[in-house]
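The values are calculated or read from the model by the stated rules, or taken from the named source; none is laboratory data. In this text, all values refer to a predicted model and were calculated from it rather than measured experimentally. Every residue, glycine as well, gets a Cβ built from its backbone with ideal geometry; the counts of neighbours run over all protein chains shown.
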Amino acid sequence: MEILVKASQFILSLSLLIVLHELGHFIPAKIFKTRVEKFYLFFDPWFALFKKKIGETEYGIGWLPLGGYVKISGMIDESMDTEQMKQEPKPYEFRSKPAWQRLIIMVGGVTVNVLLAFVIYAMMLFTWGKEYIPMENLTYGVHVDSLLLDNGFEQGDKILAVEGHAPKTLPDITAEILYNDARNLVVERDGRKIDISLPEDIDQEILRRGGQGLFFMRYPAVVDSVLAGGPADKAGLRKGDRVLAIDESPVESFQELVMALQTNKGQSISLRVENDGAEREVNATVDENGQLQFFATSPLAFFETEKEEFGFFESFPAGVKEGTDRLVSYVRSLKLIFSSEGVKQVGGFLTIGSLFDTTWNWQRFWNMTALLSIILAVMNILPIPALDGGHVMFLLYEIIAGRKPGDKFMEYAQLAGIAILLTLLLYANGMDVFRFFFDG
């Protein structure tokens, strides 16, 4: 059922983005009186699931959910319909229109994707606001992974500055390290300020380890509820118990408790816990999975959050800023994809689909849709033939040079672009399959 929910959200999001992207081409084409022969959601090789002709345009739904398209008369596109190009240009054809009109038609899809992201972020801010935990409220410091422990960090460090600037939230720090090459941090440890310099290739090491998070909220190990009949229940643990030590070894955070339990699978342990100021000792047996079978109190219970509220009109400039920040971050992240380790992390439809929630969460759905809209815009504007960016590149050449590239050249360029895209598509989805079977 969880897979079905994720798949449904992914298909709905993808369908919405494809239709609006293609409308970005369709509408200016109609404004400039250019004939649009087909408007399709998904591709339709050999047959379509649905099609209906209205006026001069055939609208339909294909069976291959790898994208969508509009087929514009007099244009060499992915359909590779070159027969019409052998005939004399008609006034309603794409090739008969001025270069500036053709340029507007080609950038229309990307423009719609960017504007859509801005609108979604604006409406999300208007509906839900923006809630976060400021760095100064992380009173227990941060929990870091082994990579950072090897590079000068200690559990419980409080991060004060990244490249001389105070970070606003925890995710901002990882983004600075990965995307902006931040390497110099200042932390507070035992009341002292300590400078930490990370190695230049830390981003590659992060990717090599699977791109997992670097910093996590550090919070006490407090019981919220126990599973009936489980080890915690049998040991007498109850709501509000805070684990202070395991076998006399101090436990200062929930993460430390988890690691300690993993090293004691199937063994009996002694826990020192505290509740309402009173301490007591309990004995428990860790199960074979390294768990005591209790639910911990949410970390949000230990920290004061800040929430920004936005009125309807305030939400639009805030949405533009949010979308612009995400766009800039994504563009900066592309350098990682083209690195030796980053290329190994590329994923296809399974990777993207897995980012959606296992329950139907509208806030997460719209957040993911906005992000995918930005990704779609950036990917489509890349100067690769067969993508919008490839057509834009040749149109800019025409405007600057004063002459069009030859039809044969455009045919070969389109074929080369299709080959590149198919190779990337097979590689990305092949990596998904490989990871599913061999990295699980």
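What the table below lists for this structure:
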{"item": "Single residue of the stretch 1-37 satisfying the filter (buried (at least 19 other Cβ atoms within 10 Å of the Cβ) and aliphatic (A, V, I, L, M)) that is farthest from L372 (Cα to Cα)", "result": "V36"}
{"item": "The stretch 76-122 - residue that is of a type in the set (K, R) and either under 29 Å from the mean Cα position of the chain (by Cα) or assigned to a helix (DSSP H, G or I) (or both) and, of those, modelled with the lowest pLDDT", "result": "K86"}
{"item": "Out of Y69, Y40, sole residue that is modelled with pLDDT of 90 or more, of a type outside the set (G, A, S) and surrounded by 15 or more Cβ atoms within 10 Å (Cβ to Cβ)", "result": "Y40"}
{"item": "Output for the stretch 217-259, where each listed residue is out of contact with any Gly (no Cβ under 9 Å at 6 or more places or on another chain) and small (G, A, S)", "result": "A221, S225, A228, G229, G230, A232, A235, G236, G240, A245, S249"}
{"item": "Any hit, the stretch 201-208, residues being modelled with pLDDT of 90 or more and either in contact with an Asp or Glu (Cβ under 8 Å, 6 or more places away or on another chain) or assigned to a strand (DSSP E or B) (or both)", "result": "no"}
{"item": "Meets criteria (among the acidic types (D, E) and touching a residue at least 40 places away in the same chain (Cβ under 8 Å)) for D203", "result": "yes"}
{"item": "Criterion: in contact with a His (Cβ under 9 Å, 6 or more places away or on another chain), surrounded by 15 or more Cβ atoms within 10 Å (Cβ to Cβ) and within 24 Å of Q9 (Cα to Cα) - qualifying residue of N429, N380", "result": "N380"}
{"item": "Positions within the stretch 343-365 being part of a helix (DSSP H, G or I) and either more than 14 Å from L14 (Cβ to Cβ) or not aromatic (F, W, Y) (or both), in sequence order", "result": "V343, K344, Q345, L350, T351, I352, G353, W362, Q363, R364"}
{"item": "Filter pass, D172 being more than 27 Å from V328 (Cα to Cα) and of a type in the set (D, E)", "result": "no"}
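For (1) surrounded by fewer than 14 Cβ atoms within 10 Å (Cβ to Cβ); (2) modelled with pLDDT under 90, each residue gets a yes or a no:
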residue: E248; (1), (2): yes, yes
residue: V258; (1), (2): no, no
residue: K265; (1), (2): yes, no
residue: E274; (1), (2): no, no
residue: V282; (1), (2): no, yes
residue: F294; (1), (2): no, yes
residue: T297; (1), (2): no, no
residue: G323; (1), (2): no, no
